[in-house]
Amino acid sequence: MTRAAGQRSTGVELARSLAAILIVLGAAAATLAALDRMPAWITGRAHGVVRVSSVTEAGRRLRARIILPAYFPESLAWPPEEILVASGAPPGVAVEISPRGGGRPRLVVAQTGAPGRVPEILVPGTPLDGGSPIRIGDATGRVRRVIGTDGEVWWELAWTYRSRSVVMRSRGDLEQLLEMARSARETP
């Protein structure tokens, strides 16, 4: 075998080895990505959203105090039905509250832990209108109607509270929603 033929043979072997390594690394990356998304597929929640057991734990994960209404109408039950935390920039929390006696959530209070918009995965829906400006405490917010993932029309209030975004949605009365929003405070 000539020297040139030997170098070609070595080059071919090197290319095959590199191709095999790239295939193995690609398969490993694809497998890890699929395993990372598996909890979301199993729970039916979006990737990066986890359920937590308390408002305290949600605040710890958000690294901020949770903003909740001080006023709740008698028709709503406490504790919340579900508390979801979304990682990302900014991170967010959604607190879902059901009516007394059970049923689907009737109030959702979502917020960020830092400046930025509330993650869409926490408050999915389709706006029915552009909304109107409304006063919520010292802030100017926006009220609009949204079709929720349940197919029903919800009232939505969105405003900024101490540089953090807050969204409250309700299938109930708009006046009660406004009263709850105006009573919203950071939890201790």
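The values are calculated or read from the model by the stated rules, or taken from the named source; none is laboratory data. Not measured: the values here are computed from a predicted model. Virtual Cβ from ideal backbone geometry, glycine too; neighbours counted across all protein chains shown. Areas reflect the complete protein model, heavy atoms only, side chains present, ligands, DNA and RNA absent. Shrake-Rupley method; radii C 1.70, N 1.55, O 1.52, S 1.80 Å.
List the number of the failed condition for Met180; all other conditions in (1) hydrophobic (A, V, I, L, M, F, W, C); (2) assigned to a strand (DSSP E or B); (3) under 22 Å from Ser75 (Cβ atoms) hold.
(2)
Output the residue which, of all residues in the stretch 128-155 that are on the phi < 0 side of the Ramachandran plot, touching a residue at least 24 places away in the same chain (Cβ under 8 Å) and not in a strand (DSSP E or B), is least open to solvent (accessible area, probe 1.4 Å).
Of the residues in the stretch 128-155, the ones on the phi < 0 side of the Ramachandran plot are 128-130, 132-136, 138-150, 152-155.
Remaining after also requiring touching a residue at least 24 places away in the same chain (Cβ under 8 Å): 128, 134, 136, 141, 143, 148-150, 153-154.
Among the residues that remain, those that are also not in a strand (DSSP E or B) are: 128, 148-150.
On the way: Leu128: 77, Gly148: 12, Thr149: 118, Asp150: 61 Å².
Filtering the stretch 128-155 for residues that are on the phi < 0 side of the Ramachandran plot, touching a residue at least 24 places away in the same chain (Cβ under 8 Å) and not in a strand (DSSP E or B), the one least open to solvent (accessible area, probe 1.4 Å) comes out as Gly148.
Of the numbered conditions (1) under 18 Å from Glu96 (Cα atoms); (2) loosely packed, with under 14 Cβ neighbours inside 10 Å; (3) among the β-branched types (Val, Ile, Thr), Val166 fails exactly one; give the number of that condition.
With (1) under 18 Å from Glu96 (Cα atoms); (2) loosely packed, with under 14 Cβ neighbours inside 10 Å; (3) among the β-branched types (Val, Ile, Thr) applied to Val166, the lone miss is (2).
Please pick out the residue among Pro115, Pro73, Pro79, Pro124 that is surrounded by fewer than 20 Cβ atoms within 10 Å (Cβ to Cβ), closer than 19 Å to Pro188 by Cα and either modelled with pLDDT under 95 or under 10 Å from the mean Cα position of the chain (by Cα) (or both).
On the way: Pro115 fails: closer than 19 Å to Pro188 by Cα; Pro73 fails: closer than 19 Å to Pro188 by Cα; Pro124 fails: closer than 19 Å to Pro188 by Cα.
Only one candidate qualifies: Pro79.
Kindly indicate whether Pro105 is closer than 15 Å to Ser165 by Cα, touching a strand residue (DSSP E or B) at 6+ places or on another chain (Cβ under 6 Å) and open to solvent by 10 Å² or more (accessible area, probe 1.4 Å). Before the answer, list the steps.
On the way: closer than 15 Å to Ser165 by Cα: no; touching a strand residue (DSSP E or B) at 6+ places or on another chain (Cβ under 6 Å): yes; open to solvent by 10 Å² or more (accessible area, probe 1.4 Å): yes.
Spelling it out, it is not the case that Pro105 is closer than 15 Å to Ser165 by Cα, touching a strand residue (DSSP E or B) at 6+ places or on another chain (Cβ under 6 Å) and open to solvent by 10 Å² or more (accessible area, probe 1.4 Å).
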